[in-house]
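**Student:** My questions all concern the structure below.
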Amino acid sequence: MCGIVGIISQNTDQLLAPALARIGHRGPDSSGMYIDQNLGLGHARLAIQDVSENGHQPMVSSCGNYVLIYNGEIYNHQEIRSKLNGKYSFQSHSDTETLLYAYIEYGREVLTQLNGIFAFAIYDKIKKELFIARDPFGVKPLYYYASKELFWFSSEIKSIIPLSITPQIDSQALVNYLSFLYSPGEKTPFQKVLKLLPGHAMTVPVESPEGFVITKYYKIPFEGKRSAKTEQELIAELEQKLITAVERQLLSDVPMGFFLSGGLDSSAIVALAKKLHPEKRFNCYTIKTNNGADLDEGFKNDLHYARIVAHHLDVNLIEVDSTIDIIKDFDKMIYHLDEPQADPAPLNVLQIATQARKDGILVLLGGTAGDDLFSGYRRHQALQIERYTEVIPLWIRKAVRKMVHSLPADRTLFRRARKLTQHIHRTQEERLVGYFSWMDVTTIQQLFASSHQQNIRNYNPLQLFQDQLQNIPLEKELLNKMLYLEQCFFLTDHNLNYTDKMSMAIGVEVRVPFLDKELLEFSCSLPVDLKLKGVTTKYILKKVMEKYLPHEVIYRSKSGFGAPVRQWIKEEMTVYIDDYLSEKAINERKLFNFKAVQQLIKDNQEGKIDASYTIWSLLAIESWMRQFYDTTPTQNHSIL
């Protein structure tokens, strides 16, 4: 894992070094730059495979015609290299060198062979052309900016700050952050700073970079086809694919550890690693909360189950204190997130990564994506009522919605009932995508200043989700449609983004075995009743793990990392609200309507609505603006 940055500009020799320094936390082991006239490539290295100088980047081919900068891991690189032996003289055993020569051999078709997580750029000196690609599921981030004066790409947005570029703010992207707590798809807060989408590649002519071309090379295969194998055969096949995925991702030349929340997904990864290496006593990390269960927030303490799993598997459990000084840590979190995401979970990732690095652990494996492949969220269970909702007359649905939304929003049960009925009066597809939003778009639009109203008036953030479903026309199962959206947006733009950014803030690589390419594609072919059987989520995964984990761990209710956001917003974070959302701050920023924001805060405080996460998002946006947009950006919050 590393950080990469590329610049095409008349001033590249002056711009590259400060841009690379901005992402130096991603690669504390070494850094390097390559400049050819107006093109510059920079790399900050976290050495994982072949930690010697032979793995240094930018890596130049032996012929001198190709230059590679690369962030990620190719888990099947040894298989790819075996086909290249005899054709090329390798100087290292790094996957970087394998990728470089595989590209020389196969061209952009190499992307079909890669099983891993990556964002890379290869410069062809003969063609004067850059080839840039991002992995199929977007585990590794990649942003870009294009104008006549500058072409820039990087692992993080913050590396554009030293370039004296201040793009316009994209108010539609801000609607996204307020709607979902993250921005799905291409959009970032800057109008022309975009995300290269997962499974996409771009070709950039160095002499005229504004003529870049983006192509899609991978599609998640939800094609309406289901395996005809028996349940027992599929359970056995899933077990083998899980073992293979974990085995591939144990490839490392540095010490490795594991996230172990006590939930099924992370516990499964540790259990399978232990099966492969029973002699090892892995270091596993969990969050130790001090407040026990927080039923008002809707989550429970996982520590009890993490201890059970650690004892059962005979691994070292390092309990990381979850005490969060949200006043001290909020801006730092937003800085490292690189986007104004509204979720406290990133702070837990940062705490675990910090402790792991202190312990000499540079690679962590986690259970991210288990919910998104095999169904693990409450909204998946909610789909079970769809067969009944569709036949209920519209007037009754509207009456039910009105009644439920008259209930107070400061109770967990009532909040969930409101969420369940929020889009009950709409079409089935609108209800399906509506589960991803936190607040009605009309309410969000009213929060904006009049100067932005024209730009957002006809913008529907849920339209992206509906349009995305058109890519899988043969898929008819509602659950698979929702899982497809999870994998395209919630997983990539929310969970994976904060996992990457917060772990790399401290120079620790996180791997996600559930996103092994073969494993994910296998999950797409499973009958839906093996993912969600009745109200039992992740049914087939639970059946696989019955031979590895205690029953009480497998069949417990879902929880996970949590934080008292609603309490913070109403109590501790009022100091931020009084500053970041003050009349003076809002009027000077000219993004939002002060009266509308104040009314939102008041209604939330009185329990009329549940808007704590929306208020958190407003705070995140202002924090981001001060650190990424204002002419004197906040000092780098690096904690290395």
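**Student:** Restricted to Cα positions, what overall size does the chain have along the principal axes? Three whole-Å values, descending.
**Tutor:** 72, 61, 47
**Student:** Follow-up question, since we're still on this one. Using a probe radius of 1.4 Å on heavy atoms only, what accessible surface per residue do you get for the chain? Whole Å² is fine.
**Tutor:** On a per-residue basis, the chain sits at 38 Å².
**Student:** Can you bin segment 24-70 into rounded, prolate or oblate? Criterion: square roots of the alpha carbon gyration tensor eigenvalues sorted a ≥ b ≥ c, rounded for a/c under 1.5, prolate for a/b above b/c, oblate for the rest.
**Tutor:** It is oblate, given that a/c is not under 1.5 and a/b is not larger than b/c.
**Student:** With each pseudo-label sitting 7 Å past Cα toward Cβ, what's the His93-Lys584 distance in nm, one decimal?
**Tutor:** Each label point lies 7 Å from its Cα, and together they span 6.2 nm.
**Student:** For segment 188-238, would you read off the P(r) tail past 14 Å as a percentage of all alpha carbon pairs? If you can, show how the numbers build up before the last one.
**Tutor:** Numbers: 927 of 1275 pairs.
Taking all Cα-Cα pairs of segment 188-238, the fraction more than 14 Å apart is 73 percent.
**Student:** Going by Cα centres, segment 504-560 and segment 88-150 are how many Å apart?
**Tutor:** Rounded to whole Å, the Cα centres lie 30 Å apart.
**Student:** Now for a separate question. Give me the percent of the accessible area of segment 16-100 that comes from carbon and sulfur atoms, probe 1.4 Å, all protein chains in place.
**Tutor:** Working: 1400 of 3090 Å².
Ligands and nucleic acids excluded, carbon and sulfur reach 45 percent.
**Student:** Given R₀ = 30 Å, FRET efficiency for Lys128-Ser252 by Cβ-Cβ distance, to 0.05?
**Tutor:** 0.25
**Student:** May I ask you to derive the FRET efficiency for Lys476 and Tyr377 from their Cβ-Cβ distance with R0 = 30 Å, giving the value to the nearest 0.05?
**Tutor:** The formula returns an efficiency of 0.90 here.
**Student:** If the chain between Asn38 and Glu237 were fully stretched, how many nm would it gain, using 0.36 nm times the residue separation less the Cα-Cα distance? Could the numbers behind the result be given before it?
**Tutor:** Working: separation 199, 0.36 × 199 = 71.64 nm, distance 5.14 nm.
Here the answer is 66.5 nm.
**Student:** Calculate what fraction, in whole %, of the accessible area of segment 295-445 sits on carbon and sulfur atoms when a 1.4 Å probe is rolled over the protein chains. If you can, show how the numbers build up before the last one.
**Tutor:** Values: 3640 of 6470 Å².
Here carbon and sulfur together make up 56 percent of the probe-accessible area.
**Student:** Also: What area, in nm² and to one decimal, does the C-alpha convex hull of segment 186-332 cast on average over all directions? Numbers along the way, then the final one.
**Tutor:** Values: hull surface 63.5 nm².
Computing the convex hull of the Cα atoms and averaging its projections yields 15.9 nm².
**Student:** Please state the shape class of segment 131-226: rounded when a/c is under 1.5, otherwise prolate if a/b exceeds b/c and oblate if not, all from the C-alpha gyration tensor. Walk me through the intermediate numbers first.
**Tutor:** Values: a/c = 2.30, a/b = 1.25, b/c = 1.85.
It comes out oblate by the Cα gyration axes.
**Student:** Follow-up question, since we're still on this one. Scaled to the compact-protein estimate 2.2 N^0.38 Å, what is the alpha-carbon radius of gyration of segment 1-92, rounded to two decimal places?
**Tutor:** Details: Rg = 14.2 Å, N = 92, 2.2 N^0.38 = 12.3 Å.
Scaled against compact globular proteins, the figure is 1.16.
**Student:** Counting DSSP beta bridges with both partners in the chain, what percentage is antiparallel, nearest 5? List each step's numbers first, then the result.
**Tutor:** On the way: 55 of 72 bridges.
Antiparallel bridges: around 75 percent, rounded to the nearest 5.
**Student:** Past the 29 Å Cα-Cα mark, which pairs from Lys225/Lys538; Lys140/Lys358; Lys195/Lys608; Lys219/Lys542?
**Tutor:** Lys195/Lys608
**Student:** Moving on to the next point. Pulled fully out, how much extra length does the chain show between Thr112 and Ser164, if you take 0.36 nm times their separation in residues and subtract their Cα-Cα distance?
**Tutor:** Residue separation times 0.36 nm, minus the Cα-Cα distance, leaves 15.0 nm.
**Student:** Would you work out what percent of the accessible area of segment 164-231, with all protein chains in place, is carbon or sulfur (probe 1.4 Å)?
**Tutor:** 51 percent
**Student:** Something else about it: What list of ³J(HN,Hα) values in whole Hz, one per residue of segment 128-142 in order, does the Karplus curve 6.51 cos²θ - 1.76 cosθ + 1.60 (θ = phi - 60°) give from phi, with Gly and Pro shown as x?
**Tutor:** Karplus values, whole Hz, x for Gly and Pro: 6, 9, 9, 10, 10, 9, 10, 4, x, 10, x, 5, 9, x, 7.
**Student:** On to the next question. If the only charges are +1 at each Lys and Arg Cβ and -1 at each Asp and Glu Cβ, what is the size of the charge dipole of the chain around the Cα centre, to the nearest 20 debye?
**Tutor:** Here the size comes out at about 1520 debye.
**Student:** Moving to a separate point now. Taking amide H positions as placed in the peptide plane 1.01 Å from N, state which residues far from His200 in sequence (5 or more) or on other chains have amide H under 5 Å from it.
**Tutor:** When sequence neighbours closer than 5 places are left aside, the close amide H contacts are Arg134, Tyr217.
**Student:** Give me the extension gain from Lys83 to Gln454: residue separation times 0.36 nm, minus the current Cα-Cα distance, reported in nm with one decimal.
**Tutor:** Going from the current span to full extension adds 127.9 nm.
The values are calculated or read from the model by the stated rules, or taken from the named source; none is laboratory data. Small disclaimer: the values here were computed from a predicted structure and weren't measured. Every residue, glycine as well, gets a Cβ built from its backbone with ideal geometry; the counts of neighbours run over all protein chains shown. Side chains are part of the model used for accessible areas, which takes the heavy atoms of the whole protein and leaves out ligands, DNA and RNA. Shrake-Rupley method; radii C 1.70, N 1.55, O 1.52, S 1.80 Å.
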